[in-house]
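Chemist: The structure that follows is given in the form of structure tokens.
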Amino acid sequence: MRTLVFGGSFDPPHRGHAALLRAAAERVLPDRILVVPAFHAPLKDAPSAPAPVRAELARLGLIARLPARWGRRARVDMSETRARRPVYAVETLARLKALDPAGKFHFVCGRDAAASFPRWKEPARLRRLATWWYGARASRAGAKTPPPPRHFRRLPGRFPDISSTELRSALALGQDCSDAVYPEVLAEARRHGLYSLDILDSLRKTLKPARYEHTLAMAALAEALARRHGEDPAKALLAGLLHDAGRRFSPPLMAEYARRRRLKVPEFALTAGLEPLLLHAHISEDLARREFGVADPEVLSAVRKHTLGDPQMSRLDRLVYVADACSPDRERADAAETRALAFVDLDAALARCVADKLAHALSRGAWLHPLTLSLWNRLVAR
Ligand SMILES: [Fe+2]
Ligand SMILES: [Fe+2]
């Protein structure tokens, strides 16, 4: 029996995957096709969507999209998913080979995965277990990744150049990704609240349009700053999306919410009495936990500290604070300058943002929250 194996994270499966699988089927003419979602691909970061959901997405976005001739012979192989640990391709192929010793196996993957083959587990053995296929990208002709090893055969044609990582952040930032993802995959992802689609839907309903636009602009900037400064872009993006969730309430309702939920805001009585708007960051943190099930303490901290600041701020806290203060939708004349500075010297940008915030508060004779003052003093003393 001739088996075509397509492994990957499929987080989410996209049109590039579908085109690759179809081209491989037409070239290999398999008796059966196994799409094998990884529980956690060994060389990749942990996937954001749970494995059983990715398996369903792979069925919708890959198998159901194959021409009937191939669709009939295709199924999702759940072996790696059920293993609940990272499974190496060599394990999967060896297992399939043991079940069908006379069978011929063909393995297909994208250009980047093929290039990383020498780092896969037991590459020499792996190479003998299957015939290897890859698909070249439609663009990025001069991309820096090395060419795939010579035993890889190239499928005819070129394949949409879609990165799942970029796709996840585009989805989380509310961008139209219909040219990359099939609608049924998107609908299923939305049903499971993947890729922050549930957060976006909620923000769209609860925030004023300008606040929603600010959120998207700020989250995109936070993500870019995280990339620049070696922080986790997904955490920065998530903190960005959530940071102003509490702005759905008017200031009097913020005070009421914070009181009812017993939020631990330093100087609560003065804050609630004099500057209740300042409570929204703690409310956003509370909503992040309760409504969106966010449990990551680093993300929650960045959300909580984005307004008042804190003398103790992690790098993620600081870059989220800065991204909020100088996001591209801010009209202040020097926001662009601060933004540029943030990519070069995050702490210098932070000092500037805190100074601006204090100056603005003083200019209107406002009460200053002690956390912001402590942050300022700490930055000066540094
Ligand atoms: Fe805010
Ligand atoms: Fe904000």
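The values are calculated or read from the model by the stated rules, or taken from the named source; none is laboratory data. Just so it is clear, the structure is predicted and the values come from calculations on it, not from any experiment. Using ideal geometry, Cβ is built from the backbone for each residue, glycine included, and neighbour counts are taken over all protein chains shown.
Chemist: Any residue in the range 251-264 that's loosely packed, with under 13 Cβ neighbours inside 10 Å: show its pairings with residues that are at pLDDT 95 or above and assigned to a helix (DSSP H, G or I) at Cβ separation under 7 Å, as long as the two are six or more apart or on different chains.
Modeler: Close Cβ pairs (under 7 Å, with a partner that is at pLDDT 95 or above and assigned to a helix (DSSP H, G or I)) amount to Pro252/Pro276.
Chemist: Would you mind stating whether Arg54 is over 16 Å from Ala24 (Cβ atoms), of a type in the set (Lys, Arg) and surrounded by fewer than 16 Cβ atoms within 10 Å (Cβ to Cβ)? Explain how you work it out, then say what you get.
Modeler: Numbers: over 16 Å from Ala24 (Cβ atoms): yes; of a type in the set (Lys, Arg): yes; surrounded by fewer than 16 Cβ atoms within 10 Å (Cβ to Cβ): no.
The answer is no for Arg54.
Chemist: Only one of these is free of Cβ contacts under 8 Å to residues at least 40 places away in the same chain, away from ligand 1 (no atom under 13 Å from the Cβ), out of contact with any strand residue (DSSP E or B) (no Cβ under 7 Å at 6 or more places or on another chain) and closer than 22 Å to Tyr321 by Cα: Arg190, Arg227. Name it. Working first, answer last.
Modeler: Details: Arg190 fails: closer than 22 Å to Tyr321 by Cα.
Within the list Arg190, Arg227, the selection yields Arg227.
Chemist: Condition first: buried (at least 23 other Cβ atoms within 10 Å of the Cβ) and either charged (D, E, K, R) or at pLDDT below 95 (or both). Can you find one or more residues in the range 281-303 that meet it?
Modeler: yes
Chemist: Working carefully through the options Phe117, Phe105, find the one that is hydrophobic (A, V, I, L, M, F, W, C) and touching a Pro at 6+ places or on another chain (Cβ under 8 Å).
Modeler: On the way: Phe105 fails: touching a Pro at 6+ places or on another chain (Cβ under 8 Å).
Just one listed residue meets the conditions, Phe117.
Chemist: Is it fair to say Asp317 is in the same structural domain as Leu375 (by TED's automatic domain parsing), acidic (Asp, Glu) and away from ligand 2 (no atom under 16 Å from the Cβ)? Break it down stepwise before answering.
Modeler: Values: in the same structural domain as Leu375 (by TED's automatic domain parsing): yes; acidic (Asp, Glu): yes; away from ligand 2 (no atom under 16 Å from the Cβ): no.
For Asp317, the condition - in the same structural domain as Leu375 (by TED's automatic domain parsing), acidic (Asp, Glu) and away from ligand 2 (no atom under 16 Å from the Cβ) - is not met.
Chemist: I've got another one for you. Can you tell which of Ala89, Ala49, Ala98 is in contact with a helix residue (DSSP H, G or I) (Cβ under 9 Å, 6 or more places away or on another chain) and more than 26 Å from Gly193 (Cβ to Cβ)?
Modeler: Working: Ala49 fails: more than 26 Å from Gly193 (Cβ to Cβ); Ala98 fails: in contact with a helix residue (DSSP H, G or I) (Cβ under 9 Å, 6 or more places away or on another chain).
From the options Ala89, Ala49, Ala98, the qualifying one is Ala89.
Chemist: Still on this model: Mind checking which residues of the range 281-331 are among the hydrophobic types (A, V, I, L, M, F, W, C) and within 12 Å of ligand 1 (Cβ to nearest atom)?
Modeler: Ala281, Ile283, Ala302, Val303, Leu308, Val320, Ala323, Ala325
Chemist: Search the range 131-172 for residues being among the aliphatic types (A, V, I, L, M) and touching a Ser or Thr at 6+ places or on another chain (Cβ under 9 Å), and hand back the single one that is surrounded by the most Cβ atoms within 10 Å (Cβ to Cβ).
Modeler: Taking the range 131-172 and keeping what is among the aliphatic types (A, V, I, L, M), we get 136, 138, 141, 143, 155, 162, 167, 170-172.
In the following step, the residues that additionally are touching a Ser or Thr at 6+ places or on another chain (Cβ under 9 Å) were identified as 171-172.
Details: Leu171: 22, Ala172: 24.
For the range 131-172, the residue satisfying everything is Ala172.
Chemist: For the condition more than 15 Å from ligand 2 (Cβ to nearest atom) and outside any helix (DSSP H, G or I), what is the one hit in Pro266, Pro252? Let's see the steps before the verdict.
Modeler: Numbers: Pro252 fails: outside any helix (DSSP H, G or I).
Answer to the selection: Pro266.
Chemist: Having 3 or more residues that are more than 20 Å from Ser196 (Cβ to Cβ) is the bar; report the helices (runs of 4 or more DSSP H) wholly within the range 270-382 that clear it. Show your work before the answer.
Modeler: Values: elements: 280-292, 297-304, 315-325, 335-344, 346-363, 370-381.
Helices (runs of 4 or more DSSP H) meeting the threshold: 315-325, 335-344, 346-363, 370-381.
Chemist: For the range 284-299, does any single residue satisfy the condition of being of a type in the set (Phe, Trp, Tyr), out of contact with any Pro (no Cβ under 7 Å at 6 or more places or on another chain) and away from ligand 2 (no atom under 15 Å from the Cβ)? So that I can check it myself, show each step before the final result.
Modeler: Initially, the range 284-299 is screened for residues of a type in the set (Phe, Trp, Tyr), giving 292.
Then keep just the ones that are out of contact with any Pro (no Cβ under 7 Å at 6 or more places or on another chain); that gives 292.
Adding the requirement that they be away from ligand 2 (no atom under 15 Å from the Cβ) leaves 292.
Among the residues of the range 284-299, at least one is of a type in the set (Phe, Trp, Tyr), out of contact with any Pro (no Cβ under 7 Å at 6 or more places or on another chain) and away from ligand 2 (no atom under 15 Å from the Cβ), which makes the answer yes.
Chemist: For Pro13, which of the numbered conditions (1) crowded, with 23+ Cβ neighbours inside 10 Å; (2) outside any loop (DSSP other than H, G, I, E, B) fails to hold?
Modeler: Unmet for Pro13, out of (1) crowded, with 23+ Cβ neighbours inside 10 Å; (2) outside any loop (DSSP other than H, G, I, E, B): (2).
Chemist: For the range 72-93: of the residues being at pLDDT 95 or above and surrounded by fewer than 16 Cβ atoms within 10 Å (Cβ to Cβ), which is nearest to Arg27 (Cα to Cα)?
Modeler: Per the criteria, the residue is Arg72.
Chemist: Taking interchain pairs and intrachain pairs at least six residues apart, which have beta carbon atoms under 8 angstrom, with the first residue in the range 304-327 and within 18 Å of Pro276 (Cβ to Cβ) and without any contact (Cβ under 8 Å) to a residue 24 or more places away in the chain and the second within 15 Å of ligand 1 (Cβ to nearest atom) and part of a helix (DSSP H, G or I)?
Modeler: Pairs that qualify, where the first residue is within 18 Å of Pro276 (Cβ to Cβ) and without any contact (Cβ under 8 Å) to a residue 24 or more places away in the chain and the partner is within 15 Å of ligand 1 (Cβ to nearest atom) and part of a helix (DSSP H, G or I), are Arg304/Ala281; Arg304/His282; Arg304/Ser284; Arg304/Glu285.
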